[in-house]
Amino acid sequence: MSCHDLTYNGASTVKLTAGIDGKKGYFNVPTVYNAVYNFRQFWDGRAKDLKDQSLQPIANPVEMGNTVEKALQDLKANRAYVNAFNAIYSDGITKNNLADALSEFEKNTYYA
Ligand code: HEM
C-alpha cells in the first residue's frame, strides 16, 4: 500500500502524500502501526475507532476519490468477494460488513 508505506513505519516519506490523480490533502500521513490503540482516529480525532475510520479513505476526494456505494457495487460484482463475505457474514456485502472487514484487516495488519 503506498499511502501508509509499510516499509516506512506505516507512515509516509513526504510532507503531503498524493492520493487519487496525484491530489494532495492538508495533513501529513500518520502511521497506521498500532492505530488500533489510538483512543480516537485522525489528527483531529473525528473517528471514534478503526471501524468508524475505515470507510473514510474510500470516499475522501484527495485519497481514494470513490464512494462507498460504488465500492460496494464493485465488490458485489466480484464473485470471489461475494463468496468471501458470505463465508463470514450472514448478510454478505454491506456497508457495515465492509467497515468491519477493513477494520479487522487494520487491527491485524498494522501492529509493530
Ligand atoms: C489514497 C490513499 C490514502 C491516503 C493518501 C491516506 C492519507 C491519510 C492521512 C493524510 C491521514 C490523516 C488524516 C487526518 O488526520 O485527517 C490518514 C489517517 C489514517 N489512515 Fe490513511 N490514507 C490512505 C489510505 C488509507 C487506507 C487504505 C487505510 C486502511 C486500510 C488507511 C488507514 C488510516 C488510518 C487508520 C488513519 C488514522 C491514523 C491515526 O489517526 O493515527 N489509510 N491517512
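The values are calculated or read from the model by the stated rules, or taken from the named source; none is laboratory data. What you are looking at is a predicted structure, and each value in this text was computed from that prediction instead of being measured. Ideal geometry is used to build each Cβ from the backbone, glycine not excepted, and the neighbour counts take in all protein chains shown. Protein only, heavy atoms only, side chains kept; ligands, DNA and RNA dropped before computing areas. Shrake-Rupley method; radii C 1.70, N 1.55, O 1.52, S 1.80 Å.
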- Determine, yes or no, whether Tyr33 is out of contact with any strand residue (DSSP E or B) (no Cβ under 9 Å at 6 or more places or on another chain) and over 22 Å from Gly65 (Cβ atoms). no
- Considering only residues that are open to solvent by 50 Å² or more (accessible area, probe 1.4 Å) and in contact with a Phe, Trp or Tyr (Cβ under 7 Å, 6 or more places away or on another chain), look in the range 1-29 and name the one that is nearest to the ligand (Cβ to nearest atom). Phe27
- Note on the structure: Taking the range 57-74 and keeping residues near the ligand (Cβ under 8 Å from one of its atoms) and open to solvent by 60 Å² or more (accessible area, probe 1.4 Å) leaves Glu63, Met64
- Query: Where in the range 5-112 are the helices (runs of 4 or more DSSP H), entirely inside, with at least 1 residues that are in contact (Cβ under 8 Å) with a residue 60 or more places away in the chain?
  - Reply: 95-109
- Message: Given the criteria touching a helix residue (DSSP H, G or I) at 6+ places or on another chain (Cβ under 7 Å) and under 25 Å from Ala18 (Cα atoms), does Glu69 qualify?
- Response: no
